[in-house]
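Trainee: Following this message is one structure expressed as structure tokens.
None of the figures in this text is laboratory data; all of them are computed from the coordinates on show. Please read all numbers here as calculations on a predicted model, not as lab measurements. Every residue, glycine among them, receives a Cβ derived from its backbone with ideal geometry; neighbour counts consider all protein chains shown.
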Amino acid sequence: MQRVYQAATLMDAQLVFDALQSSGIEATINGAYLSGAVGELPTDATPSVWVIDEADVYRAKAVINELLDPESGVLRGEWYCGECGERCAATFQICWNCGAARPA
Ligand SMILES: [Zn+2]
């Protein structure tokens, strides 16, 4: 196993994990409590994404680079809820926190 991404939040880790899975790369998320809602996580949880097979590391990093904005280093396409201000993943159409619709 080798770590390929250190995430700030479990949501980021999950996004990277999903992208790797859909690219056929076996991966896992470590360092986070996977049960329970994101809001209940301890603030010092820093989840990381690992690939199972080290032969996939190069390809995994290419997938992750596609997800990251080259200037800011944060995941592309994230948006901020107009109601509660929470950061939401690109794939979400409603706020995970309060359920408000994604701003146009
Ligand atoms: Zn919200």
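Trainee: FRET efficiency for V57 and A8, Cβ-Cβ distance as r, R0 = 30 Å, nearest 0.05?
Mentor: Working: r = 21 Å, r/R0 = 0.70.
The computed FRET efficiency comes out at 0.90.
Trainee: Once fully extended, how much extra length lies between I94 and R76, figured as 0.36 nm per residue of separation less the alpha-carbon to alpha-carbon distance? Provide the component values of the computation, followed by the final result.
Mentor: On the way: separation 18, 0.36 × 18 = 6.48 nm, distance 1.68 nm.
The span from I94 to R76 would gain 4.8 nm if fully extended.
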